[in-house]
1. Let me confirm something: among B:LYS99, B:LYS57, which residue is closer than 21 Å to B:LEU286 by Cβ and open to solvent by 10 Å² or more (accessible area, probe 1.4 Å)?
2. Quick test for you: out of B:GLY213, B:GLY204, B:GLY194, pick the one residue that is open to solvent by 40 Å² or more (accessible area, probe 1.4 Å), on the phi > 0 side of the Ramachandran plot and not aliphatic (A, V, I, L, M).
3. Being open to solvent by 20 Å² or more (accessible area, probe 1.4 Å) and in contact (Cβ under 8 Å) with a residue 24 or more places away in the chain is the filter here, so list the residues in the stretch A:90-110 that pass it.
4. Here are some residues: A:TRP169, A:TRP144. Which one is surrounded by 24 or more Cβ atoms within 10 Å (Cβ to Cβ), at negative phi and touching a strand residue (DSSP E or B) at 6+ places or on another chain (Cβ under 8 Å)?
5. Return yes when A:ASP131 is open to solvent by 10 Å² or more (accessible area, probe 1.4 Å) and in contact with a Cys (Cβ under 9 Å, 6 or more places away or on another chain) and no when it is not.
6. Mind checking which residues of the stretch B:207-229 are of a type in the set (Lys, Arg) and closer than 17 Å to A:TRP227 by Cα?
7. Among the residues of the stretch B:131-146, is any free of Cβ contacts under 8 Å to residues at least 24 places away in the same chain, in contact with a Lys or Arg (Cβ under 9 Å, 6 or more places away or on another chain) and assigned to a helix (DSSP H, G or I)?
8. Limited to the stretch B:301-314, what total is found for residues that are open to solvent by 30 Å² or more (accessible area, probe 1.4 Å) and either at pLDDT 80 or above or over 25 Å from the mean Cα position of the chain (by Cα) (or both)?
Amino acid sequence: MVAADSEGSKDPGVRQADLGLLVHWCVLPFRVLLVLTSHRGIQMFESDGSIMVYWHALDSGDASPVQAVFARGIAASGHFICVGTWSGRVLVFDIPAKGPNIVLSEELAGHQTPITDIATERAQGQDCVADMVTADDSGLLCVWRSGPEFKLLTRIPGFGVPCPSVQLWQGTVAAGYGNGQVRLYEASTGTLHVQINAHARAICALDLAPEVGKLLSAAEDTFVHIWKLSRSPESVSIEAAPLL
Amino acid sequence: MSVRTLPLLFLNLGGEMLYILDQRLRAQNVPGDKARKVLNDIVSTMFNRKFMEELFKPQELYSKKALRTVYDRLAHASIIRLNQASMDKLYDLMTVAFKYQVLMCPRPKDVLLVTFNHLDAIKGLIRDSPAILNQVDETFQQLTEVYGGLSAGEFQLIRQTLLIFFQDLHIRVSIFLKDRVQNSNGRFVLPVSGPVPWGTEVPGLIRMFNSKGEEVKTVEFKHGGNYVAAPKEGSFELYGDRVLKLGTNMYSVNRPVETHMSGASKNLASQTQESIAPNPLAKEELNFLARLLGGMETKKPSDPEAGFRLNLFATEEEEEQAALTRPEELSYEVINIQATQDQQRSEELARIMGEFEITDAPRQSASKGDDLLAMMDEL
């Protein structure tokens, strides 16, 4: 278990809070890396936290003085680690089986507003090629296929509210929005299949139990809900039923 | 962190301060003309154009300590005098109230409506002074320019920046305790009923669509809360129905303004370990204060006798008692900057601070900044 501390200095009167400070275990085929993001950059550690194997400083070159600069959204896809940034760019790092020889292999352009979250899953077979989805502050979702070069498959437009959290399950994108809605889309086409008026305030996080198809949503309205997702094999429709 | 947060923080806290001072002036039966002068002086200092210019520059939030110094100066821009215990209590009330308002905002953008509520009420307090009213209206325009076009995501960042600033603040306020919006441990009660935010649907419905986009099934579920639809959106115009009540004046003559000190431990002997390492932000904080306070035009009271003491407590004994029993971890360690009342550039301000009495022990310092820091520690 890892906990992230936001206090930068020891003085209780001064709080150098680091917004966008995220910690994520990235499980890759041959190793596990611990990835941290902050407003300065991206750090990658060996899984026991003992050695920092890589440091990437964020480039704030294009930022105007009023723009907050940070990295947010971390996910592993195959032997890649993807990290979102304030500009909307998604950085793709190629991770070797061992050692520190990590390389920034691509910068994905698809978003114009800060990335909020990234979700990945192992490709489900030749029908389901989508294995990564990225979300941003405008609510836009981009669906990708990973590879030596990542390919943008679908764009699912937002509707004026941020999408703070996104998950991917068996070719279904589950997105939680700032207006309390959870929406499920077909990843390959972007078609909306389910819309849940789930919460009365912004959704903070979604989590997924992939083996049983259960989705959890937590929001600022103090409620946590669990949903049962199912795909019907014949007509490719997605259903959700409330469990809690 | 959002660098656009300071104006919202300052204006809302300032609004709360004015509500409390207004209540105390009436509770202490201060004559109408004196009370009006106090409020006019504070409002005109707050909304002074040069000061607003500094405030609206993109910048990080500084510590509660630094901000408290600005309000100390602001309160004393009028003829009232507040001693340490009353100023502490005033600042506690201001910060708890605004924290509550930010937390309760249905949408992140509603913090702007809260700010407008404060401005509307401020205009009511200084009704008779068209010049000051104009200053407030100009600030309104500036707020609309800066915040009117921000996205929901940017407001979410501002909200998070504000909540981080108020993190771990759990001072109990008797009005909140009585109204049951705050628990006895200082945590706020989050309601699960009432209107949903504008733009949110009432929870409880699942809609399912086929690949052609046709709705094929709906399922209702019990959400657990008791929400209703939002009646209408608050107005962001210069004049209008804000709909939201957060940020309006919750004090009246009869409602007391007590706080309860809820320190983490009742044992005053337990001290938090003081850090020996110098605070890296301290120099920046001093510069920030110098800039803001330098822009504050304060008037010399024409008649020194006209100044009078305002007490935030019911009696003087209570005030003394509060000063003695304030828990260590809640002390603000106020930075006393005795700048003159004319406009000062920051170098001049630093020079003046350098003219304070120094202690016997000689000090080697590498720069003027270190000098200032050392002097602050000795105050």
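The values are calculated or read from the model by the stated rules, or taken from the named source; none is laboratory data. All values derive from a computational prediction rather than experimental measurement. When we count neighbours, we look across all protein chains shown, and the Cβ atoms used for this are built from the backbone with ideal geometry, even at glycine. Ligands, DNA and RNA are excluded from the accessible area calculation, which covers all protein heavy atoms including side chains. Shrake-Rupley method; radii C 1.70, N 1.55, O 1.52, S 1.80 Å.
1. Among B:LYS99, B:LYS57, only B:LYS57 is closer than 21 Å to B:LEU286 by Cβ and open to solvent by 10 Å² or more (accessible area, probe 1.4 Å).
2. B:GLY213
3. Answer for the stretch A:90-110, where residues must be open to solvent by 20 Å² or more (accessible area, probe 1.4 Å) and in contact (Cβ under 8 Å) with a residue 24 or more places away in the chain: A:ALA97, A:LYS98, A:GLY99, A:PRO100, A:LEU104, A:SER105, A:GLU106.
4. One residue alone meets the criteria, A:TRP144.
5. no
6. B:ARG207, B:LYS217, B:LYS222, listed by residue number.
7. Yes: the stretch B:131-146 contains one or more residues that are free of Cβ contacts under 8 Å to residues at least 24 places away in the same chain, in contact with a Lys or Arg (Cβ under 9 Å, 6 or more places away or on another chain) and assigned to a helix (DSSP H, G or I).
8. Residues meeting the conditions: 6.
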